[in-house]
1. Taking neighbour Cβ counts within 10 Å as the exposure measure, how do A:ASP65, A:ASP3, A:ASP111 sort from fewest upward?
2. Positive end of the dipole of segment A:17-285, charges at C-beta (+1 Lys, Arg; -1 Asp, Glu), about the Cα centre: which of A:THR251, A:LEU274, A:LEU199 has its Cα farthest in that direction?
3. Relative to the other copies, what are the label-point distances for A:GLU335, with labels 7 Å from Cα along the C-beta vector, expressed in nm at one decimal and sorted shortest first?
4. On average, how much area does the Cα convex hull of segment B:4-348 cover when viewed from any direction, in nm²?
5. Among B:GLY153, B:GLY132, B:GLY250, which one moves the most in a GNM of chain B with springs linking Cα atoms closer than 10 Å?
6. What distance in nm separates the two pseudo spin-label positions at A:ASN168 and B:ARG108, each 7 Å out from Cα along the beta-carbon direction?
7. Looking at chain B as a GNM with Cα springs under 10 Å, which of B:ALA206, B:ALA79, B:ALA229 has the largest mean-square fluctuation?
8. Can you give me the Rg/Rh ratio for segment A:306-349, using Cα atoms for both radii and the Kirkwood formula for Rh?
Number of protein chains: 2
Amino acid sequence: MNDRFLKACRRQPVDCTPVWLMRQAGRYMSEYRRLREKHTILEIIKTPDLAVEVTMQPVNAFDLDAAIIFADILPPLEAMGLSLEFIRGEGPVIHNPLRIAADVAALRVPDPRESLSFTMEAIRLARRELDGRVPLIGFSGAPFTLASYAIEGGATRSFVLTKSLMYNQPETWHELMGKLATMVGEYLKAQAEAGAQALQLFDSWAGALSPADYRRYALPYSRRAIQTAQTSASSVEPSSGVPVIHFGTGTSGMLEVFKEAGGDVIGVDWRVDLADAWRRLGDDVAVQGNLDPVALFAPIPELKKRVSEVLAQADGRPGHIFNLGHGILPQTPVEHVAALVDMVHEMSRR
Amino acid sequence: MNDRFLKACRRQPVDCTPVWLMRQAGRYMSEYRRLREKHTILEIIKTPDLAVEVTMQPVNAFDLDAAIIFADILPPLEAMGLSLEFIRGEGPVIHNPLRIAADVAALRVPDPRESLSFTMEAIRLARRELDGRVPLIGFSGAPFTLASYAIEGGATRSFVLTKSLMYNQPETWHELMGKLATMVGEYLKAQAEAGAQALQLFDSWAGALSPADYRRYALPYSRRAIQTAQTSASSVEPSSGVPVIHFGTGTSGMLEVFKEAGGDVIGVDWRVDLADAWRRLGDDVAVQGNLDPVALFAPIPELKKRVSEVLAQADGRPGHIFNLGHGILPQTPVEHVAALVDMVHEMSRR
């Protein structure tokens, strides 16, 4: 088994830097687009055979060091009682967003083993399909990022509704975040029990908050979710918990605070120099990142230069996992993805 | 004359912390909305009497320490040959965005004294109207932010077209940025000559770039524009240039690099602790910021707490200009704006 990725999660030495890509299964691949002509995103996610097919597409196409189960951060909100739809060209929409205390009180916190059983089943099948080739990552949105979708009803630039609820109805906010922390923690734990060998908490929008607000309104809930997730035994090192990657974007101003919420690996975006980020984070965590996803649109020699800059910043320290700073973009040229993965391996070979 | 703001730009002691708000003239004010029922944004900008009327609205309504001329960052692109339209509910659209070298070669660099004479005239009239009550700020978008609008044709989340041009056609990129640096520098200088007593360079999207890309593809052009602007004599201190505020968002990971481009004052957003930002920026610049614009949606006691946190971080150091971390939002409750301005003065009184 290729265990570079899991070793790097634990800051153990590896033969070369492991690489996987956020949203590595997606629209930039023709195999995925063909399947999407016949099925909606939610159909794929909720049909374990299809979810596994999509999970395997990038692993079969490229020399990636990890697979990530095909799912989305929003189905847990659906399981809690929100009405979720992916509208073509617009992205996710929640038809009954949370606005008042009664909405939050009505939210259920169901057992994800049942309410999200399709993902657990997909994980079991994907493990069988992978047959030890590379480890499988499970994931969840973080409480703050999920709260923002639940309150705004979709993507937002300003987070006015989210922060207004936070500032004007703090008790409702904390009740909501408490429910989300439980849901997210149990969901991650269930994925590990089903076979996920590492877990990633996506706090994509953490960077919308000031460091003080993050600490006050988001950190305690991410911490609780991570701690719950880590109570699952690691498949490779049963004495320790399953490794958790804690990822956010726009966190350059508060990496130290973000780290306090926990995680064996901290995922950083491209808005900070990786060496600088690691210096601030300290020696006791691994670091994942941080190529600008748009670098994949550069000509190969220019892409190579950028990959070498990221690797130089990581300086061969054990515990670097190469990734983009955010998800791969739909229009990304697929041959550049193949080149990137090989480049990372070749250029980092010890 | 209330010169708190200009003194703070030069890090001189003041009786209390000066405050103004980015986009302080705008949709959150009923006076502005009434005028907008009869006129488009571009009509207001291009009719000096109307631009002055809007410029004065927040200064008449609140105890602000500076006025900022009502204009927009995009008219210079129109003067250079792009076709600009503000579409209701969608924001700015450029109908002939730049895509190839020939588009960039065709861009004009006209004298802003003529091509943007409406703004110079508005500045002259606004100075007369203000009659020394508070100083008047002129402004321009920074070359990178303008380039992104010119290439994308409007707002973007991913900057794929902008960065693709940068990576794939570097000569075209540098030609474009060279033209923009000249245009922006001359535009700022012309505003100072017309009577603007301080200038702000808005690099709203600088934070889309990695620190290395910012340094390579944006910094030299911002620096040149700032240097040109600073050749205008200050109205209060003729021996030195007019003070320049250099503002960006999402720059927490690269404040040190951002500062290298210049500016007497560095504007920072709320994604970083102000004390931390100032420590990194050093003692030789003033700092503007950095309340989250959404804090204005909080109840007054909560808003007060947040204002006191920003003031505590600035710690009474000469050279703090209180502002939001980005523009005021259209839905902002107007009475909270009045309360904010008074709070800043009262709580910072020496």
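1. Lowest to highest Cβ neighbour count: A:ASP111, A:ASP3, A:ASP65.
2. A:THR251
3. Distances to the matching label points in the other copies: 6.4 nm.
4. Averaged projected area of segment B:4-348's Cα convex hull equals 15.4 nm².
5. Residue with maximal mean-square fluctuation among B:GLY153, B:GLY132, B:GLY250: B:GLY132.
6. About 4.8 nm, to one decimal.
7. B:ALA79
8. Result: Rg/Rh = 0.98.
No lab work stands behind these numbers, since they all come straight from the coordinates. Every value quoted in this text rests on a predicted model; they were computed, and no experiment measured them. Because the Cβ atoms are built from the backbone with ideal geometry, glycine has one as well, and the counts that use them run over all protein chains shown.
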